[in-house]
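The values are calculated or read from the model by the stated rules, or taken from the named source; none is laboratory data. Quick caveat: nothing in here was measured; it's all calculated off a predicted structure. FYI the Cβ positions are ideal-geometry reconstructions off the backbone, even for glycines, and counts take in every protein chain you see. Note: areas computed on protein heavy atoms with side chains; ligands, DNA, RNA excluded. Shrake-Rupley method; radii C 1.70, N 1.55, O 1.52, S 1.80 Å.
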Amino acid sequence: MKLLDPSEVAKRRLDCFLYYIPGGEQFFATHYESLQAAKQWGFQVSEHIRLCNNMDEVLQFIHHWDTARKSLPFATDGVVIKVNDFAQQKSLGMTAKSPRWATAFKFKAEQAATRLLSVDFQVGRTGAITPVANLEPVLLAGTTVKRASLHNADQIALLDIREGDTVIIEKGGEIIPKVVQVDISQRPDGSVPFQYITHCPECGTLLVRDEGEAKHYCPNEMHCPPQIIGRLIHFVGRKAMDIDGLGDETVIVLHKQGWLNNIADIYDLHQYRDAMIALERMGEKSVDNLLAGIEASKNTPFARVLFALGIRYVGETTAKKIAAAVGSLDVLSRYGEEELKTIDEVGGRIAQSIVAYFTNIDNLKIVHRLQVAGLHFEAAAKEMLSDKLSGKSFVITGTLSRPRDDFKALIEQHGGTVQSAVSSKTSYLLAGEKGGSKLKKAEQLGVDVIDEELLMKMLQEKVDG
Ligand SMILES: [Zn+2]
């Protein structure tokens, strides 16, 4: 449905059934009545909904559809049960995530038995190893399945999964089915327990496993090919630097040529313009488009640059929150774990990962090259992070955890102003240790005195994703 060409979408003969009228409680007493009205208005409402008067009727309905659903012309995986009376719905209310007046009954996932031929190990962008089962093709819930997820080493050991075993696979909510059980009775003679790999299948480096983590990692971040390519693809992606003309395929081709070994290399690609034009399927026009896209990406705002760096566990939303809290990469790189944890949404795992990133000399070199290339490593004044300090004036005094200029920049990025002397018009005095005369003056004039922690709270209070 996301296609730009509506005539192409129309060809796909999509249909929809409506199941809820927002605001319906203003006009109807019950959910069922509101749906009947919608039907009369000409909307499509499922003909299979039923008004049940007690739990027995609900259970009968579920029981009936457990088998009858297989003859429906569309796939189903469960039944939604709702309280009908709007007044009762209102008094039941909501939890943080979902209404208390509705729940889903999931039918048992479909399973199939097949033989496990071999196990592949995939290396992800962050070096995480994922074992994948190669199976004898089997039909499951309407599709032929050849591969299934094995999750991690613990899961394989727990189920005692061995090559040659007959395994039970299941399709839950996920796209890729998973192995849930082994049929031990079918186990061939001479079978041996599965040996999990100890070295990266792509670069041969000894794998590591952090305490409390289920997955093994290849620690060879800088030289393990799938990690290099994965980070490059992440960096140029739409939610990160959004570089036009540098798709996954092109990244792989340029990496193979030896021109892209890390994200900083992207900004040196212009050196290879002629050589790129000579490549198959590239051409002058597409190369110039690519180089223009790279140039334009230098205007990407700081929060997205931070996300693009691909620091483990720093997702899109977390990057935004961190950018809003620190204002620049320079400040971020000087933060310790404890300081990081004061930022909204940053827990121990993320804090550790950020500190590790900035203690790695290779990362620092790359960041430096990106800085020289002209990427935004601080939230520019014009690129305001928020206006939550708008109309507020600050004076800074005493010894703070970071240089005063850092705090000045931060206040300004959130719309505030910084003055040098306290007056009756000053909104807040940001005071560190040993405040001195400014502190006294503020107290005399009744100006609010705040510390760093309070300032951070003010900045984060209304930050949204
Ligand atoms: Zn590796």
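Summary table
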quantity	calculated
Those aspartates and glutamates that a straight Cα-Cα span of less than 15 Å connects to Lys425, excepting residues fewer than 8 apart in one chain	Glu443, Asp448
Estimated distance in nm for a label pair at Arg100 and Ser185, the labels positioned 7 Å out from Cα along Cα-to-Cβ	4.7
Förster radius 35 Å - calculated FRET efficiency between Glu316 and Phe28, Cβ distance, rounded to 0.05	0.30
Members of Lys239/Lys285; Lys2/Lys320; Lys215/Lys239 lying beyond 29 Å, as alpha-carbon distances in this model show	none
Accessible surface, per residue, of region 393-461 when the full set of protein chains is kept, probe 1.4 Å, Å²	53
Where region 66-170 is the region considered: accessible area per residue in Å², 1.4 Å probe	56
Lys388-Ser437 FRET efficiency (beta carbon distance; Förster radius 30 Å; 0.05 resolution)	0.55
Cys with no candidate disulfide partner in the chain (beta-carbon separation under 4.7 Å rule)	Cys16, Cys52
Whole-angstrom gap from region 206-279 to region 123-147, using each part's C-alpha centre	24
Convex hull projection area averaged over all views, region 354-408, Cα basis, nm²	5.7
Surface share of carbon and sulfur [accessible, 1.4 angstrom probe, percent] for the chain	52
Residues Ala157 and Asp330, FRET efficiency given R0 of 35 Å [Cβ-Cβ distance, rounded to 0.05]	0.20
Solvent-free Debye scattering, log10 I(q)/I(0), computed from the Cα coordinates of region 109-220 at q = 0.17, 0.21 Å⁻¹	-0.82, -1.13
√(5λ) per eigenvalue of the Cα gyration tensor, region 302-373, largest first, Å	18, 13, 11
Karplus-derived HN-Hα couplings along region 246-253 (A = 6.51, B = -1.76, C = 1.60, θ = phi - 60°), whole Hz, x at Gly and Pro	10, x, 3, 4, 5, 4, 5, 4
Region 241-333: relative contact order in percent, alpha carbon pairs under 8 Å with at least 6 residues between	29
Descending semi-axes in Å of region 6-106, equivalent ellipsoid built from Cα gyration tensor	25, 20, 14
C-alpha long axis of helix 55-68 to longest principal axis of the chain, angle in °	70
Label zone at Ile168, where the point sits 7 Å out along the Cα-to-Cβ direction: region 101-134 residues whose backbone N lies under 19 Å	106-117, 133
Label-to-label distance, nm, for residues given as Ser420 and His270 (7 Å Cα→Cβ offset)	4.0
Cross-link pairs beyond the 21 Å C-alpha cut-off, checked among Lys146/Lys256; Lys408/Lys457; Lys108/Lys178; Lys82/Lys178	Lys146/Lys256; Lys82/Lys178
Heavy atoms of Lys440 accessible to a 1.4 Å probe, total area in Å² rounded to 10	140
For region 166-315, the spread of Cα positions along each principal axis, largest first, Å	62, 35, 33
The chain: angle of helix 283-296 to the longest principal axis, Cα-based, in degrees nearest 10	60
Cα-derived Rg over Rh, computed across region 175-221 with Rh taken as Kirkwood radius	1.10
Per residue Cα convex hull volume in Å³ - calculated over region 331-465	123
Accessible solvent surface per residue of region 302-373, calculated while the other protein chains remain in place, 1.4 angstrom probe, Å²	41
For the chain, the fraction of alpha-carbon pairs in successive 10 Å shells from zero, as %	3, 14, 17, 19, 22, 16, 7, 2, 0
For Ile81, solvent-accessible area (1.4 Å; no DNA, RNA or ligand), Å²	50
Normalised per residue, the volume of the convex hull around the Cα set of region 196-260 (Å³)	111
Label-to-label distance, nm, for residues given as Phe107 and Lys341 (7 Å Cα→Cβ offset)	4.8
For region 225-299: Kirkwood Rh in Å [reciprocal of mean 1/r, alpha carbons]	12.1
Eligible aspartates and glutamates near Lys298 by straight Cα distance, threshold 19 Å, same-chain separation 8 or greater	Asp242, Asp244, Asp265, Asp268, Asp288, Glu316, Asp330, Glu378, Glu383
